[in-house]
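Data block below; observations after.
Please treat every number below as a calculation from the coordinates, not as lab data. Just so you know, these numbers come straight off a predicted model, no measurement behind them. Cβ atoms come from the backbone with ideal geometry, glycine included; neighbour counts cover every protein chain shown.
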C-alpha cells in the first residue's frame, strides 16, 4: 500500500468499492481527472487575484498553478495515447458542497475558509489517488505510475494550504474551525463514493 495517504487529517475513508468502480471505468476517471487539474490551477490563480498583497500566498499559488498545469499536460498525454478526450467541465458536488459552507462576507474568515477548503480537496484527492493506486498496480502500470506521483503531490498541497490558513489566523487557534471543516467534509463524503470520478 502506498504511504502517500498516511497522516492525512480526514475523518473518513473512501470505500474500497469506489476504487473498483473507478478502475472499471478508467476513461471516465481520467477525463474527469483532467478537469480537476484545470480547476486546481484556476483556483490557485483566483486566490492570487483576490489576495495580490500577500506575497507568500502569491508565491505558493503561482507555483501550484504551474504544477497543476504540468499535471494536466501529463493526463492529456495519457488520454490522447488511449484515444480519449478531456471531459467538459461539470458540476462537482463535493467541491460545490464545501464551497457552499464558506463564510463569504468578511475577511480574514473568507480567506481562511478558502484555504481550508483547498486543503480538504487536496487531502481527499491524495486519499482517493492512493486508494485507486492500490487497485491499479496490478492492472494498469501506466495509470499506476501517474497516481504514484500525484498522491505525494496532493499531500504536499494540502499541507501548504493548511499552513497558509494558519498564517492567516495568527490571533486565534485554527484547531476548532479546522475540526468543524473536517466534520463537514466527512458528512459530505458520506453521500459520495459510487461514481468513477475523482470525487464521485
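Sorted from fewest to most neighbouring beta carbons within 10 Å, what does the list 149, 7, 134 look like?
By the 10 Å Cβ count, ascending: 7, 149, 134.
What are the principal axis extents of the Cα atoms in the chain, in Å, biggest first?
So the extents along the principal axes, rounded to whole Å, are 50, 30, 29.
Dividing the Cα radius of gyration by the Kirkwood radius, what Rg/Rh value follows for the stretch 71-168? Provide the component values of the computation, followed by the final result.
Details: Rg = 16.1 Å, Rh = 15.2 Å.
Rg/Rh for the stretch 71-168 comes to 1.06.
When only Cα pairs under 8 Å and 6 or more residues apart are kept, what is the percent relative contact order across the stretch 82-170? Show your work: numbers first, answer last.
Working: 68 pairs, mean separation 30.8, N = 89.
Once normalised by length, the contact order is 35 percent.
Listed highest first by mean packing, meaning other Cβ atoms within 10 Å per residue, what order do 51-61, 158-168 come in? Spell out each step's value before the answer.
Working: 51-61: 15.3, 158-168: 19.6.
Highest to lowest by the protection proxy: 158-168, 51-61.
Specify the angular offset, from 0 to 90 degrees and rounded to the nearest 10, of the alpha carbon long axis of helix 175-189 from the longest principal axis of the alpha carbons in the chain.
Result, in degrees: 30.
Test of understanding: what is the full-extension gain from residue 166 to residue 141, defined as 0.36 nm times their sequence separation minus their Cα-Cα distance? The partial results should precede the final answer.
Details: separation 25, 0.36 × 25 = 9.00 nm, distance 3.82 nm.
Here the segment from residue 166 to residue 141 would lengthen by 5.2 nm.
Kindly express, to the nearest 10 degrees and within the range 0 to 90, the angle between helix 55-81's C-alpha long axis and the longest C-alpha principal axis of the chain.
10
In terms of the Cα gyration tensor, with a ≥ b ≥ c the square roots of its eigenvalues, is the stretch 53-95 rounded because a/c is under 1.5, prolate because a/b exceeds b/c, or oblate?
Values: a/c = 4.71, a/b = 1.73, b/c = 2.73.
Cα axes put the stretch 53-95 in the oblate bin.
Could you work out how far helix 141-167 tilts from the main Cα principal axis of the chain, as a 0 to 90 degree angle to the nearest 10?
10
Pulled fully out, how much extra length does the chain show between residue 109 and residue 88, if you take 0.36 nm times their separation in residues and subtract their Cα-Cα distance? List each step's numbers first, then the result.
Numbers: separation 21, 0.36 × 21 = 7.56 nm, distance 3.21 nm.
Length difference between fully extended and current span is 4.3 nm.
For the stretch 121-200 and the stretch 72-87, compute the distance between their C-alpha centroids and round to whole Å.
Centre-to-centre (Cα) distance: 22 Å.
Could the peptides 15-26, 170-181, 88-99 be put in order, highest first, of the mean number of other beta-carbon atoms found within 10 Å of their residues? Provide the component values of the computation, followed by the final result.
Values: 15-26: 16.5, 170-181: 12.4, 88-99: 14.2.
Taking the mean over residues of other Cβ atoms within 10 Å, the ranking is 15-26, 88-99, 170-181.
For the stretch 75-129, with equal point scatterers placed on the C-alpha atoms only and solvent neglected, what are the log10 I(q)/I(0) values from the Debye formula at q = 0.25 1/Å, to two decimals?
-0.99
What is the order of 197, 104, 28, 62, fewest Cβ neighbours within 10 Å to most? Show your work: numbers first, answer last.
Working: 197 23, 104 11, 28 17, 62 14.
Result, fewest neighbours first: 104, 62, 28, 197.
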